Amino acid sequence: MAKWRNTTQKPPLGARIDWGNQITKDLVGCWLFNEYGGKVVGDLSRSFGDGQLEGTYYWKEGIKFSGGRVVLADTPLSKISIVAKIRNGGSGNNEQILTRDKSVSSDYHRVWQFRKNSSDKLEFIHFYSNTSYDVFTGSIDIADGTDKMVAVTADGSTAKLFVNGEVDTSGTLSGTLNSISYRALIADSDNNSEEFFYGDIYFAYLFSRALSDDEIGLLHYEPYSFFEIPSLYIPVSWQSQPSQQTGKHRIVTSSKWKQTTQKPPLGARIDWSNPITQGLVNCFLLNEYASLPFDLVDNNSTEVITGSVSWKGDSFNLVSGGLQKKKLNYQDYSGDCTVIAVVNQRLDEDANCYWVVAEEGESLSTNVLQSFRRYSGNLRTFWEYGSGSNVILDYTSLSIPTNQDTFIGISRDTSLKTQVAFVNDDKETLSYSTNPEGGSSAKFLLGVDSANSYSNIARYWLKYLYIFSRALTDDEIKLLHYEPYSFFEVPSMRTVVALGGITVTPNDATHSQTADNVALTRTTQLAVDDATHQHTADSVSLTRTTSLTVNSATHSQTAESSTLARITSLAVNETTHTQTADNVSFPAEVYKWEFKLDLMTGNLALVKVKQ
């Protein structure tokens, strides 16, 4: 396991709590909201329990609640700290953040309420019996539509409210928390009236102790500092580039996902600067491996519409069920369109069902705007026009095998009225007579069509699915065939790298890295230590050994006694996730440095290539 060094960016699914971190003492609830789909919110502390989502909500970077809530288990507490990151636009109502309170008729189970009140201020109600309580109300507006880190601490004698790491208000408690048992809720309460939270909640932490002011401040600036993640071998390319202003060269590192044939982890994002992403309207990367598939373009999750579904390795199993995308941000599929997918047809059946279908309207007999499937062993596409009364069926001669991954690419050009189809490396061009008709109200189905009450199941595994609102070129389709993950980027991970005794250490406060000016004279073999997540070089020739001292005030490293030409400072660009060094001496030639991953040994080799 490796420490999660990007303390301001949410770690991916699979991250775990580093229980050696002092701040995790008495952490009894940790809901990171990094599942990005499904109806279960995992508790990484394993103390309070996973939460069940109910009502109306949407997965985003966290969860956008719109009349929904998370139902949690019961863990009695006498002291408490709650830390959460929220965004709220204000409604004039009481909106709960994390609450344990039931007051229905004479049925009382009252412990605490942590909420935004009707005046858009932070509020904590501390019950020391079912009928006795203290109320603490802040003075800062927390419903201005911006992200806020809110917190409360109560140690049995004093309560404090915090907004963005600073004390908002404090006061004296009249007693300890009511010891009655009852479940907790995120984004709602169990009172008579609805008190739903309308807005985003990015994470919520619950402690059975009162955190100090300094600990609350730390969690404001570094809310993810106590997580660790499985070791990842991420190939990073290094390149020497000249500066047009100074004539000097700089080293540039990229966090683009270079393993173009290996699926990136959960938390990967689309690199919208890549030209191939133009017109991308749906992107199912299918790397959730636990929850239901999620569309990375419009932050839209899916729901099971019929049968049962499951995961099969890095593919989603739609042999016995079908999915429908939740009704949000509909696209118009009636114009130019390209569908890219890898499917694995599991059963050799010709049932009247489709792998992917987009259709206008809500009834079962609607205008199909785009769909495709395997029919009589070959690829076939289908759409309707004239309110569904006329049908265009494009039969190809491209054979689709069973029980193996198969690349599918279909590009429709409505101006030329042609359709280009690819199955693996085979291509066929078809002409048609009439374009589909429709608007922007299309619903979207996977593995099932809408006919016969969704009873026709396509019986396939889906590895990934991309849909574009333009006709991709043949070269672009071929590129996606061989490099389907080339337009993704991964969170920047600032690791400690040791090179022949010279250590480059990241400063978490300033996000900068410093090192002395060291010259490498040959290609270096790098190995990854899974215990420390460091890269080490066992055979590097350096010009000299340099003694470094650390300046505790600036966290920089300097060479006390050396003949180095200069000290080089590497700075991290948090927007592009690149590192630059503007005063590094290079030979006159321009070289490109690349890490090459040895799949047999797991080692990384730093290879120097002359441009």
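Per-structure values
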quantity: Residue match in the stretch 147-164 (condition: under 26 Å from Ile63 (Cβ atoms), acidic (Asp, Glu), in contact with a Phe, Trp or Tyr (Cβ under 8 Å, 6 or more places away or on another chain) and open to solvent by less than 20 Å² (accessible area, probe 1.4 Å)); calculated: no
quantity: Residue among Gly62, Gly89 that is small (Gly, Ala, Ser), under 23 Å from Lys10 (Cα atoms) and open to solvent by 10 Å² or more (accessible area, probe 1.4 Å); calculated: Gly89
quantity: Which listed residue is hydrophobic (A, V, I, L, M, F, W, C), within 33 Å of the chain's Cα centre (by Cα) and either open to solvent by less than 60 Å² (accessible area, probe 1.4 Å) or at pLDDT 75 or above (or both), from Ala351, Ala341; calculated: Ala341
quantity: Among the candidates Phe468, Phe444, residue that is at pLDDT below 90, within 15 Å of Val339 (Cα to Cα) and open to solvent by less than 60 Å² (accessible area, probe 1.4 Å); calculated: Phe444
quantity: Sole residue being buried (at least 19 other Cβ atoms within 10 Å of the Cβ) and more than 21 Å from Ser450 (Cβ to Cβ), chosen from Ser334, Ser291; calculated: Ser291
quantity: Among the residues listed as Ser212, Ser179, the single one being modelled with pLDDT under 85, out of contact with any Gly (no Cβ under 8 Å at 6 or more places or on another chain) and open to solvent by 30 Å² or more (accessible area, probe 1.4 Å); calculated: Ser179
quantity: Strands (runs of 3 or more DSSP E) wholly inside the stretch 58-109 containing at least 3 residues that are among the aliphatic types (A, V, I, L, M); calculated: 80-88
quantity: Filter result for Asp134 (open to solvent by 50 Å² or more (accessible area, probe 1.4 Å), of a type outside the set (Val, Ile, Thr) and either under 22 Å from Thr176 (Cβ atoms) or in a strand (DSSP E or B) (or both)); calculated: no
quantity: Unmet requirement for Gln513, which otherwise passes all of (1) modelled with pLDDT of 80 or more; (2) farther than 30 Å from Lys326 by Cα; (3) among the polar types (S, T, N, Q); calculated: (1)
quantity: Selection count, the stretch 217-230, where residues are farther than 22 Å from Asn34 by Cβ and either in a strand (DSSP E or B) or modelled with pLDDT of 95 or more (or both); calculated: 0
quantity: Every residue from the stretch 389-428 that is part of a strand (DSSP E or B), open to solvent by 80 Å² or more (accessible area, probe 1.4 Å) and without any contact (Cβ under 8 Å) to a residue 24 or more places away in the chain; calculated: Tyr395
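The values are calculated or read from the model by the stated rules, or taken from the named source; none is laboratory data. Owing to the predicted nature of the structure, the values given are computational and were not obtained by experimental measurement. A quick note on method: Cβ atoms are made from the backbone with ideal geometry, for glycine too, and the neighbour counts reach across all protein chains shown. These accessible areas exclude ligands, DNA and RNA; they are computed on the full protein's heavy atoms, side chains included. Shrake-Rupley method; radii C 1.70, N 1.55, O 1.52, S 1.80 Å.
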